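Participant: This is the structure I have questions about; it appears just below.
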There are 4 protein chains.
Amino acid sequence: MAIGRTQWAIAEGYIPGTSHGPAPAMTSHEAACLLNAGERDAHVEIMVYFTDRDPVGPYRALVPARRTVHLRFNELKDPEEIPRDTPYASIITSDEPIVVQHTRLDSRQAENALLSTIAYSEA
Amino acid sequence: MAIGRTQWAIAEGYIPGTSHGPAPAMTSHEAACLLNAGERDAHVEIMVYFTDRDPVGPYRALVPARRTVHLRFNELKDPEEIPRDTPYASIITSDEPIVVQHTRLDSRQAENALLSTIAYSEA
Amino acid sequence: MAIGRTQWAIAEGYIPGTSHGPAPAMTSHEAACLLNAGERDAHVEIMVYFTDRDPVGPYRALVPARRTVHLRFNELKDPEEIPRDTPYASIITSDEPIVVQHTRLDSRQAENALLSTIAYSEA
Amino acid sequence: MAIGRTQWAIAEGYIPGTSHGPAPAMTSHEAACLLNAGERDAHVEIMVYFTDRDPVGPYRALVPARRTVHLRFNELKDPEEIPRDTPYASIITSDEPIVVQHTRLDSRQAENALLSTIAYSEA
């Protein structure tokens, strides 16, 4: 059952530079949760935007048919790592309909905080 | 007053495996809050998607007319329990219009954290 | 500048029964933030839905032209108080376009947690 | 790649008056994250709405082409500072399509709490 859209945006982005608690579960991180409920693999490209320099990307990810990938921005390495403690934003495009949800776990202080929202989408 | 849609998606899903504080209120959990404001009972089916295996489901729930059900994913048992500390996602379909909101309470650390978002919907 | 819609839904609702910290700022509460950016007063009605009994309402609120009202569900009294520690949901209707955002501050434990989402809307 | 809309609303707004932890990272703040993925600079205007007085603004911001600006409401000064511990709401308009996400970091207590949501948009 294909559901979703092919173009998504997350305007908030910030990977806290420090963490408390056992890794990797409690490591401060930011994730784009990608759901491909359809019958064909989705090839995803992510462009990352900054405040004061040109965008970086595309980062690439595969979301197989009928699978979800919870992509951690702090694990992206190619073409380059996303800097910590730096505001960014992202555009996510896919060749198949997907659903994108943005989540951050912030464990800079002793107790973790969470945020999440369905990303902005266009048909 | 019927309001809502019949197809919903939650791309983020993760049931923390540990908790602090008195159960069940402070038990780490993830919920799909389902609102059926209409005059006919809604029969709901939930498919759960994983990173590395086939989807599981459908899980079934009834949301009576003019009622809300706050369904905890960690209480789902049929056809099988959803594993803890494991990324998943879900597709929720209904035979009547409903509204779906996703919430997590994470009490892995001493103080709880919360996230919530209206799910993604298609007409 | 009128912006918004006239029918909104919040599927998640739960007023924590206990709090830590100075009242009223840190009292556990749940709010529907209502923005009326238009030039005419908005008359708002809220119906509250439960798991196991008939809906209650309408609760009524006035959002004057070009004003915002951050309505705390825990302060609603007419026709009756909303019970604590009880799942509920709400439908918000207005005779003028408004924007609705749902927020909870949970201070049951020593440190507060927050959630927020734009509510679900229909034209 | 232009994506987004030109009119956005955030119904929730509240800048906590106190903070714990090192500034500016852990200072209580509220942000409108603005993403302009297009090829033309976006000129943004923000009107701020209150409970009991006329709206204030417009505040102005420039989001250059292919850049993101994470605008902190607590740093706005012209035409006037936004008061602390006071409910407000905002309307954000742009002459180019942008995407807007609302985030708050609340560090009034020892451990920080977070909320975030994609703002409400109209075409």
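Participant: Taking only pairs six or more apart or across chains, which ones have beta-carbon atoms under 8 Å, a first residue in the stretch A:39-63 that is within 14 Å of chain D (Cβ to nearest Cβ) and under 26 Å from B:Tyr49 (Cα atoms), and a second residue that is open to solvent by 30 Å² or more (accessible area, probe 1.4 Å) and assigned to a loop (DSSP other than H, G, I, E, B)?
Facilitator: A:Met47/D:Met1
Participant: Working only within the stretch C:64-82, note down all residues that are away from chain D (no Cβ under 14 Å) and out of contact with any Ser or Thr (no Cβ under 8 Å at 6 or more places or on another chain).
Facilitator: C:Leu76, C:Lys77, C:Asp78, C:Pro79, C:Glu80, C:Glu81, C:Ile82
Participant: Then there is this: Could you grab the pairs with beta carbons closer than 6 Å, sequence gap of 6+ or different chains, first residue in the stretch D:1-27 and more than 7 Å from every other protein chain (Cβ to nearest Cβ), second one among the charged types (D, E, K, R) and loosely packed, with under 15 Cβ neighbours inside 10 Å?
Facilitator: Sorted first by the residue in the stretch D:1-27, then by its partner, the pairs are D:Ile15/D:Arg84; D:Gly17/D:Arg84; D:Gly17/D:Asp85.
Participant: When only residues in the stretch C:5-36 that are small (Gly, Ala, Ser) and in contact with a Gly (Cβ under 8 Å, 6 or more places away or on another chain) count, which is nearest to D:Ala110 (Cα to Cα)? Spell out how you get there, then give the answer.
Facilitator: Filtering the stretch C:5-36 for residues small (Gly, Ala, Ser) gives C:9, C:11, C:13, C:17, C:19, C:21, C:23, C:25, C:28, C:31-32.
Checking the rest, the ones that are also in contact with a Gly (Cβ under 8 Å, 6 or more places away or on another chain) come to C:9, C:28.
Values: C:Ala9: 33, C:Ser28: 17 Å.
Here the residue is C:Ser28.
Participant: Hey, another quick one. Could you list, in sequence order, the residues of the stretch B:59-73 that are open to solvent by 40 Å² or more (accessible area, probe 1.4 Å) and not charged (D, E, K, R)?
Facilitator: Passing the criteria: B:Leu62, B:Pro64, B:His70.
Participant: Within the stretch C:92-114, how many residues are among the acidic types (Asp, Glu) and in a loop (DSSP other than H, G, I, E, B)?
Facilitator: 1
Participant: Hey, another quick one. Can you name every residue in the stretch D:2-50 that is part of a strand (DSSP E or B), hydrophobic (A, V, I, L, M, F, W, C) and open to solvent by 40 Å² or more (accessible area, probe 1.4 Å)?
Facilitator: Passing the criteria: only D:Met47.
The values are calculated or read from the model by the stated rules, or taken from the named source; none is laboratory data. Given the structure is predicted, the values throughout are model-derived calculations rather than measurements. Here Cβ is always computed from backbone atoms with ideal geometry, including for glycine, and neighbour counts include all displayed protein chains. Accessible surface is based on the protein model in full, side chains and every heavy atom, while ligands, DNA and RNA are left aside. Shrake-Rupley method; radii C 1.70, N 1.55, O 1.52, S 1.80 Å.
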